[in-house]
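K.L.:
Below is one structure. I have some questions about it.
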Amino acid sequence: MRIANLNGRLAVTAPGGAIDIAEASAGTFGPDPQGVYDVWPDFVEWARDGLADCRPVPYHSAQLRAPVPRPRQVFGIGLNYREHADESSMDVPAEPTVFTKFPTAITGPSAVIDLPASTVDWEAELVVVIGRVAHRIQAADAWSHVAGVTVGQDLSERTRQLLPPVPQFSLGKSFPGFAPLGPEVVTVDELPNRDDLELGCAVNGEIVQRGRTKDMIFDVPTLVERLSAIVPLQPGDVIFTGTPSGVGHARNPRRYLTPGDVLSTWVEGVGQLSNVFADGSGTRNAPSSASESNGR
Ligand code: ZN
């Protein structure tokens, strides 16, 4: 199942279009896309039969917003791929490096994002969405607490992030629009292999990152175990699981995003973000383009 936020309403997408869940369920679920995660097991149960007779309605990809618009908690994991730890001149960590992205940084899969400075960098990531309260969960039980996965960019203003005397990861990664998510939350039964997915990103069509999630130092079940050992994970919380090598800050010479750049970010079997960068203040949604339709 593919969960979407279509103009602020909970939808499930299917070949040919999208199904509005509040209409299909006569108001039992939706229309708020965030609310579905609070009742995730009930929703999955209903969807088994409830979607059977629904006819998908065509939509435009520019109508898609962040499928998890207001998580209570947003976790980020640093240095979770060996080659990225190497390029950052850091030892492979023995414990996950954890920070937060504040939820106001979340934006949609085709949003235009303002650059607040000249040292903003890309980080393509698999993002996990929690579907059941997870507290002190063992790795073996972790996937059953996950609603699905989506594509994310952990955009990072490197100057702010690394400002001495103590690095400011959470602030440097939380400017408005610095957490684009989407285009859909995909349940793991839809994936070719939930533990081994290709992911990457391209700037203006040039591929700058390409990796596989099997190369994570701490895999998804281990991250859920380690985080939930301390923090009760709530339905609709999201975990940015770390980025592979190829970030701009580690290049020689260093390379950062500039106004007008188009950043495409994908995870195999999950989907693709396409974000454009602008100079100025405030975040807007990308204007519709008549050439793409249907969002798939
Ligand atoms: Zn990251």
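K.L.:
Within segment 31-49, identify whether any single residue is on the phi > 0 side of the Ramachandran plot, of a type outside the set (Asp, Glu) and in a loop (DSSP other than H, G, I, E, B), and answer yes or no.
P.N.:
Checking segment 31-49: not a single residue is on the phi > 0 side of the Ramachandran plot, of a type outside the set (Asp, Glu) and in a loop (DSSP other than H, G, I, E, B).
K.L.:
Kindly list, by first and then second residue, each pair from a residue in segment 230-256 that is of a type in the set (Asp, Glu) to a residue that is within 11 Å of the ligand (Cβ to nearest atom), limited to pairs with Cβ atoms under 9 Å and residues at least 6 apart or on different chains.
P.N.:
Partner pairs satisfying both residue conditions: Asp237/Phe75.
K.L.:
While we're here: Which of the residues belonging to segment 50-70 are over 19 Å from Val127 (Cβ atoms) and not in a loop (DSSP other than H, G, I, E, B)?
P.N.:
Answer for segment 50-70, where residues must be over 19 Å from Val127 (Cβ atoms) and not in a loop (DSSP other than H, G, I, E, B): Gly50, Val57, Ala62, Gln63.
K.L.:
Got at least one residue in segment 52-63 being within 15 Å of the ligand (Cβ to nearest atom) and either open to solvent by less than 20 Å² (accessible area, probe 1.4 Å) or in contact (Cβ under 8 Å) with a residue 60 or more places away in the chain (or both)?
P.N.:
There is no residue in segment 52-63 that is within 15 Å of the ligand (Cβ to nearest atom) and either open to solvent by less than 20 Å² (accessible area, probe 1.4 Å) or in contact (Cβ under 8 Å) with a residue 60 or more places away in the chain (or both).
K.L.:
For segment 148-162, which residues satisfy the criterion of being over 13 Å from the mean Cα position of the chain (by Cα) and farther than 13 Å from Phe175 by Cα?
P.N.:
Within segment 148-162, Leu162 is the sole residue that qualifies.
K.L.:
If you don't mind, there's one more thing I want to ask. Counting only residues that are more than 22 Å from Phe99 (Cα to Cα) and either touching a residue at least 24 places away in the same chain (Cβ under 8 Å) or among the polar types (S, T, N, Q) (or both), which one in segment 257-266 is farthest from the ligand (Cβ to nearest atom)?
P.N.:
Among residues in segment 257-266 that are more than 22 Å from Phe99 (Cα to Cα) and either touching a residue at least 24 places away in the same chain (Cβ under 8 Å) or among the polar types (S, T, N, Q) (or both), the one farthest from the ligand (Cβ to nearest atom) is Pro259.
For (1) in contact with a Phe, Trp or Tyr (Cβ under 6 Å, 6 or more places away or on another chain); (2) open to solvent by 10 Å² or more (accessible area, probe 1.4 Å); (3) closer than 20 Å to Ala4 by Cα; (4) of a type in the set (Ser, Thr, Tyr), each residue gets a yes or a no:
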site	(1), (2), (3), (4)
Asp189	no, yes, yes, no
Asn193	no, yes, no, no
Pro232	no, yes, no, no
Ser245	no, yes, no, yes
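K.L.:
Among the candidates Leu273, Leu199, which residue alone is at pLDDT 95 or above, closer than 25 Å to Gly35 by Cα, open to solvent by less than 30 Å² (accessible area, probe 1.4 Å) and outside any loop (DSSP other than H, G, I, E, B)?
P.N.:
On inspection, the qualifying residue turns out to be Leu273.
The values are calculated or read from the model by the stated rules, or taken from the named source; none is laboratory data. Since the model is a prediction, treat every value here as computed from it, not as a measurement. With ideal geometry, Cβ positions are generated from the backbone for all residues, glycine too; neighbour counts draw on all protein chains shown. Accessible surface is based on the protein model in full, side chains and every heavy atom, while ligands, DNA and RNA are left aside. Shrake-Rupley method; radii C 1.70, N 1.55, O 1.52, S 1.80 Å.
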